[in-house]
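Note sheet for the following structure.
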Amino acid sequence: MIVLHYLKDRLLAIIVFLMSFLILSFLFFLYRYELDMIIYAYMLIGVLILAVCIIDFYRYYKQHETLTTLQIKNNVSLSPFILDTSLKGQDYKKILQAMDQDKLRIIEENEARQKEQMDYFTLWAHQAKLPIAAMRLCLDTDPIDQKELKMQLLRMEQYTDMVLAYLRMNSTQTDYVFREQDLDDLIRQAIRHFSSEFIYRKVMLDFKETHTCVLTDEKWFVFVLEQILSNALKYTNPKGKIMIYLQDEHELVIEDNGIGIEQSDLKRVFERGFTGYNGRIDKKASGLGLYLCKEILDKLNHSIEIESKRHQGTKVIITLDRYDFGILKD
């Protein structure tokens, strides 16, 4: 089969050769050369042509074999094309080199993504063990502390939401739905999620209604608010205070009077897995919450920054400038 394909691909060369043979034979006949000399000349030409055809067919076969392997395994050697100095051979070589480099790049990206996911789930598992252990202790006590048990169930639910958010956030298919949202309604959703914890920890909430709308995705924005409120509750002492208000027209502020953040940690609080001084003290932080908040808000075309002083509280500022297809709107 491959011989037939080879003859078909070399058909033009074969026709030229046959025409040359006929012309040469006609000239030999016209000038009445001796038969022995004609036979000798044809033998020399035949041996030369046969050698060239064998070499050419070998290269043709190896290239076919290489391309077939490429289709099956996408893993080939460039050696059959190294000796082929023709323009087509060099073009094939460049294509294969580009494909090989692209394959290596994809492999490296997949390995980096797998490592990132492994690191994330390791941190998440470490964090999820804490409420599980706390719930086990609650169940072992008599009578069972139902309020504490509900608190730990709430934490476990939050950690589950975190891992689902991480998976959806890194998916190739996005589920963002941008609409005009009542900012106060979004804030109330997040507050209701932690209403029992506010009561249990006796933390006072000062929520000043914003009376404004924002172009955002409801589900993802509420998730961010919940993460920020969770951190505020975690690091605010009992009978402390959390304030939610709007400043400078487009900046939503969630402020607490908790333990604050070390100045040396402020620049790194949005790094994945970074817990800082506070995380080393209470052993409960995984460094995932603020990382997810930053990633999600970037995709929502919002921004986040944190101002804090040790033992003086923390202020989280979410900038709500509205973007539509990259154009800033007032």
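Worth a mention:
- Boolean, Y60 is modelled with pLDDT of 80 or more, aromatic (F, W, Y) and either over 30 Å from D102 (Cα atoms) or open to solvent by less than 100 Å² (accessible area, probe 1.4 Å) (or both): yes
- In the condition set (1) of a type outside the set (K, R); (2) open to solvent by less than 80 Å² (accessible area, probe 1.4 Å); (3) modelled with pLDDT under 85; (4) under 28 Å from Q152 (Cβ atoms), D324 is compliant with all but (4).
- M135 being modelled with pLDDT of 80 or more, under 30 Å from F223 (Cβ atoms) and more than 34 Å from the chain's Cα centre (by Cα): yes
- Within the stretch 189-199, the set of residues being within 32 Å of the chain's Cα centre (by Cα) and either charged (D, E, K, R) or not in a helix (DSSP H, G or I) (or both) comprises F194 only.
- Residues of the stretch 200-216 that turn out to be within 39 Å of the chain's Cα centre (by Cα) and part of a strand (DSSP E or B), as a count: 7
- Test: residue in the stretch 102-116 that is within 22 Å of P238 (Cβ to Cβ), among the charged types (D, E, K, R) and modelled with pLDDT of 80 or more: no
- In the stretch 214-245, the residues that are open to solvent by 40 Å² or more (accessible area, probe 1.4 Å) and either farther than 16 Å from A190 by Cα or among the charged types (D, E, K, R) (or both): E218, K219, K234, Y235, N237, P238, K239, K241
The values are calculated or read from the model by the stated rules, or taken from the named source; none is laboratory data. Computed from a predicted model, the values in this text were never measured in an experiment. Quick reminder, even Gly has a Cβ in these numbers, built from the backbone with ideal geometry, and neighbours come from all protein chains shown. Calculation scope for accessible area: heavy atoms of the full protein, side chains included, ligands and nucleic acids excluded. Shrake-Rupley method; radii C 1.70, N 1.55, O 1.52, S 1.80 Å.
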